[in-house]
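Visitor: Before we start, here is the structure in question, set down as structure tokens.
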Amino acid sequence: MTLPFGSSDTCAVCGAVSEQTGVLSTNEFGAPDLDGRPPEMRRSTINWWVHRCPGCGYCASSIDEAPAGAGDVVRSAAYRQQLDDFLTPELARMFLCSSMIVKVSGGPAAPGLVAPLICAAWACDDAGDVDAAVRCRLRAASAIDALRSAGGSYMDDDPGGDDLTLADLYRRSERFEEAGAAAQAGLQRAADPFLRQLLELQLSLAGARDAGRHTCDEVAGGAGEAGEEGTIWL
């Protein structure tokens with residue numbers, strides 16, 4: 001069961017007080033998607049993973065906190081343009097704006113930059129906006145490349161994990177050659193048998209030019225188990 005909670009949060013940028021909803025606890029039944037999106041019920045809590053101040057438009061997982069310089073970003077033309085981009089679903093815009101805040105302290109290679117970009121793609125999926133989802137996925141792929149070029153890793157506990165994510169981002173964007181290349185690169189790095197199976201699946205899907213959603217239970221040992229979880233990423 002999912003347990004949301006309400007709170008009165010004071011915006012760290014403009015001082016406006018607003019009611020926000022978070023996730024106290026939730027659970028998972030089944031296997032995650034190949035890009036890491038969790039199954040239900042956790043999956044459907046995405047609307048509560050990012051908050052927006054109704055006063056100034058500051059978007060973050062907790063608007064009562066902000067890094068130095070966040071106010072300047074929120075007031076910038078680029079941020080306002082992203083916040084008001086009606087070609088992108090509203091929830092996705094909130095995630096994309098939150099990613100701009102991450103850059104304040106971490107720059108374009110910030111470790112925390114990838115997750116909100118991928119979440120934005122999931123929000124576009126839920127809204128049925130394929131074109132916007134592709135734009136978000138390609139931005140997430142660029143963020144992973146920038147992070148790796150700086151010596152970092154999005155999934156630093158799993159050699160080959162970044163390649164698995166890249167393969168899915170490219171495949172879902174119908175960039176099948178790049179997806180296949182990422183999967184091949186991952187197979188050169190990954191030692192974990194389960195991860196290798198997932199990379200092999202990505203390679204096969206890319207070869208079949210399959211841009212659809214797939215889950216980890218499509219390979220042996222990939223079935224998920226139900227369990228209580230706290231909030232993700234945020």
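Throughout, read-outs are computed from the coordinates displayed, never taken from laboratory work. Bear in mind the structure is a predicted one, so any value in this text is a computation, not a measurement. Using ideal geometry, Cβ is built from the backbone for each residue, glycine included, and neighbour counts are taken over all protein chains shown.
Visitor: For the stretch 36-193, what does the equivalent ellipsoid look like in terms of its semi-axes, each the square root of 5 times an eigenvalue of the Cα gyration tensor, given largest first in whole Å?
Guide: Whole-Å semi-axes of the equivalent ellipsoid: 27, 18, 14.
Visitor: So what is the relative contact order of the chain, in percent, for Cα pairs below 8 Å that sit 6 or more residues apart?
Guide: After rounding, I find 21 percent.
Visitor: Next question. At 0.36 nm per residue, minus the direct Cα-Cα distance, what do SER76 and SER142 gain on full extension? Give it in nm, one decimal, please.
Guide: Length difference between fully extended and current span is 21.5 nm.
Visitor: Moving to a separate point now. When the helices in the chain are scored as -39500 (n - 2.57) per DSSP H run of 4 or longer and the sum is shared across all residues, what 222 nm value do you end up with, to the nearest 500 deg cm²/dmol?
Guide: -14000 deg cm²/dmol
Visitor: So which cysteines of the chain have no other cysteine's Cβ under 4.7 Å from theirs?
Guide: Singleton cysteines: CYS119, CYS124, CYS136, CYS216.
Visitor: So how do 131-141, 174-184 stack up, highest first, on mean other-Cβ count within 10 Å?
Guide: 131-141, 174-184
Visitor: Using only Cα atoms, tell me the angle between helix 161-172 and the longest principal axis of the chain; keep it within 0 to 90° and round to the nearest 10.
Guide: 90 degrees
Visitor: Does the stretch 132-191 classify as rounded, prolate or oblate by the C-alpha gyration tensor (a ≥ b ≥ c root eigenvalues; a/c under 1.5 gives rounded; else a/b over b/c gives prolate, otherwise oblate)?
Guide: oblate
Visitor: Where does helix 114-127 land angle-wise versus the long Cα axis of the chain, in degrees 0 to 90, nearest 10?
Guide: Taking the Cα atoms of the chain, the angle to 114-127 is about 90 degrees.
Visitor: Want the number for SER153 to GLU65: 0.36 nm per residue separation, take away the alpha-carbon distance, what's left?
Guide: Using 0.36 nm per residue and subtracting the Cα-Cα distance, I get 29.1 nm.
Visitor: Can you run phi through the Karplus equation (6.51, -1.76, 1.60; θ = phi - 60°) for the stretch 85-100 and list ³J(HN,Hα) in whole Hz, with x for Gly and Pro?
Guide: 6, 7, 7, 10, x, 4, 4, 5, 4, 5, 5, 5, 5, 5, 5, 5
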